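Peer 1: Pasting a structure below so you can have a look.
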Amino acid sequence: MKIKLAPETSDDQSSRPKVFISYSWTTPSYKEQVLDIADRMMKEDCIEVIIDEYDLKGGQDVVAFMEKLKTDVSITHVLIICDAAYVSKANGRTKGVGIEAQIVSLEVYKDIDQTRVLPIVMELTASGEPCLPTFLQSRYYFDFSSIESQQREWERLCRHLWGKPIRTKPGVGAPPAYLTETVGGKFVGLKRKWQSLQLALNDDKPRKAVLREELLDCFEAEIIEAVANPPAGSEGGDGFMEYWEKCLSVQIEARDVLLEWALTEARMDAEQATTKCLIPVLERINDLPRYSDTTPSPPLALRDAMAVLGYEMALYCTACLIEVDAPEGLRQLMQHPFHGRSLYGDRLHTGLAEFCHYSQPMEVWNSKQNPGWIAPIAHQMLDRCTHRKLGRDSLLQAEAVLFVVNIVQDRRWYPNTAVYSPRGGKFPWFLKAKSTKSPDRLAIVTGMETWQAVQQEFLARFRAETKGSNYAVFRRGEGSYSEAMGFA
């Protein structure tokens with residue numbers, strides 16, 4: 001005889017689900033557990049339940065009741081409540097469970113894609129495997145083997161019964177724009193990697209670590225490819241400057257992808273972002289371009305351009321942590337030991353100090369401008385500051401923080417952007433650090449005891465550094481910079 005269970009739930013979701021519950025009368029307490037499940041479905045989730053305790057009356061035919069599985073077309077789902085006793089009876093085809101198992105197993109074997117028969121695992125074997133009868137061994141089940149797992153799975157089960165999953169498969173969108181482009185876009189792979197990582201971050205997927213590394217690998221490959229094969233004459237003169245400017249210009253698109261990543265992670269978890277994103281980004285840039293025993297040394301123009309990017313990204317990474325007000329993350333970032341850039345030899349230094357770069361090609365470029373700039377590298381970084389959230393003011397403030405931290409820790413940081421600092425204005429993060437006692441942000445970042453101790457040490461060292469020295473960026477007066485920090 002052909003057995004046919006109820007049809008799939010229709011698109012009309014106003015139709016209430018109706019489920020048949022099959023289980024074994026293992027013990028009185030177990031039976032109460034099953035009835036509690038049935039009661040909760042009816043009372044809390046508006047699901048009609050057919051179960052022997054409520055629907056099989058004295059004097060009625062037990063087999064006829066079980067055959068509701070095939071005769072009652074309004075039953076939308078069958079819940080198989082599985083424990084060791086159910087498995088034994090179902091596999092042995094004994095008693096009432098055996099009859100129900102025969103009816104259901106024919107439907108399961110007949111239609112491999114059916115979603116009406118749902119195993120509910122109430123017990124695990126001694127080896128930790130789910131107790132399931134043979135005909136359900138390969139089926140996706142709902143884990144009710146503990147109170148905790150039942151609470152986790154409850155909504156997912158009821159959503160399945162109602163045909164309202166938490167997440168539904170989206171429709172296929174329009175073909176991507178790059179398929180119709182006649183000229184390939186730059187950093188397509190990098191943008192794709194960021195999209196994959198962003199989804200993993202939002203869903204807290206375990207592949208985040210792998211995707212972060214893949215994104216950095218793609219960044220390195222594509223940014224080096226973008227400036228590969230320098231033109232003839234690029235080792236000196238106008239050819240050198242043209243290649244250097246090209247190296248700088250191609251960085252912007254890739255840099256903005258890294259900034260989106262950095263800011264996204266910082267907003268989620270600033271301290272984790274420091275170790276999982278900001279430091280790895282800076283370390284990767286710091287190692288570029290790489291030397292090889294089998295290839296010529298990287299061109300000086302490329303090495304300098306990457307050092308400029310390193311300086312810029314040190315400011316942006318600092319700005320990200322300031323944006324989310326994460327002093328502990330700032331402290332970790334500034335104390336991390338980075339390898340010295342290959343441009344200056346192989347040495348280990350502490351903190352971000354040597355990311356502050358002096359660029360000789362930048363001075364050559366500046367000599368051709370009319371008029372020239374007091375701090376040409378600062379002008380370049382601010383001129384190409386295109387990020388929607390981390391703008392010019394964010395970079396100015398970030399460098400002020402880096403300058404303070406490095407000078408009080410007896411490291412040298414030349415604050416190129418100081419010439420653009422707000423005259424008469426204040427840096428917001430410094431105002432916040434000064435006006436609130438807890439947490440003492442500057443004390444955390446510098447490792448000193450209090451904001452006042454940082455102020456005292458900074459002013460003493462700052463005046464000593466600028467007195468009689470050639471700090472061109474302070475031609476407007478050193479006082480304005482310390483005033484913008486709230487120290488004067």
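Readers should treat all values here as calculations from the given coordinates under stated rules, not as data from a laboratory. Owing to the predicted nature of the structure, the values given are computational and were not obtained by experimental measurement. Note: ideal-geometry Cβ built from the backbone for every residue, glycine included; neighbour counts use all protein chains shown.
Peer 1: Label 7 Å along Cα→Cβ of R207; region 257-278 residues with amide nitrogen under 16 Å?
Peer 2: none
Peer 1: Can you give the % of DSSP beta bridges in the chain that are antiparallel, to the nearest 5?
Peer 2: Roughly 20 percent of the DSSP beta bridges within the chain come out antiparallel.
Peer 1: By a straight-distance test (C-alpha under 30 Å), which lysines pair with K437 as possible cross-link partners, with residues fewer than eight away in the same chain excluded?
Peer 2: Within the straight-line cut-off, K437 pairs with K276, K389, K426.
Peer 1: T450 label point, 7 Å along Cα→Cβ, cut-off 16 Å on backbone N: hits in region 418-436?
Peer 2: Of the residues in region 418-436, 433-436 have backbone N under 16 Å from the label point off T450.
Peer 1: Using only alpha carbon pairs under 8 Å that are at least six residues apart, calculate the relative contact order of the chain and give it in whole percent.
Peer 2: 9
Peer 1: Can you pull a Stokes-Einstein diffusion coefficient for the chain at 10 °C (1.306 mPa s), Rh from Kirkwood over Cα pairs, as a whole number of µm²/s?
Peer 2: 57
Peer 1: Over what distance in Å are the Cα centres of region 240-307 and region 382-401 separated?
Peer 2: Value for the Cα centre distance between the two parts: 17 Å.
Peer 1: Any idea what Rg and Dmax come out to for region 38-173 if you just take the C-alpha atoms, in Å?
Peer 2: 15.8, 59
Peer 1: Continuing with this model, one more query. Under the rule of -39500 (n - 2.57) per DSSP H run of 4 or more residues, summed and divided by the residues of the chain, what mean residue ellipticity at 222 nm is obtained, to the nearest 500 deg cm²/dmol?
Peer 2: -16000 deg cm²/dmol
Peer 1: So, one more: Could the peptides 390-401, 306-317 be put in order, highest first, of the mean number of other beta-carbon atoms found within 10 Å of their residues?
Peer 2: Peptide ranking by packing, descending: 306-317, 390-401.
Peer 1: Lys and Arg at +1, Asp and Glu at -1: add these up for the other residues within a Cβ distance under 15 Å of V121 and post the number.
Peer 2: Local charge sum for V121: -3.
Peer 1: For a quick protection proxy, order the peptides 319-330, 356-367 by their average other-Cβ count within 10 Å, most packed first.
Peer 2: 319-330, 356-367
Peer 1: For E148 and K186, compute 0.36 nm times the residue count separating them, minus their Cα-Cα distance, and round to one decimal in nm.
Peer 2: Using 0.36 nm per residue and subtracting the Cα-Cα distance, I get 8.8 nm.
Peer 1: Taking H placed 1.01 Å from N in the peptide plane, check which residues at least 5 places from V117 or on another chain put their amide H under 5 Å from its amide H.
Peer 2: V78
Peer 1: Tell me, what ³J(HN,Hα) does each residue in region 149-159 have, in order and in whole Hz, if you take phi through Karplus 6.51 cos²θ - 1.76 cosθ + 1.60 with θ = phi - 60° and put x for Gly and Pro?
Peer 2: Running phi through 6.51 cos²θ - 1.76 cosθ + 1.60 with θ = phi - 60° gives 5, 4, 5, 5, 8, 4, 4, 4, 5, 5, 5 Hz.
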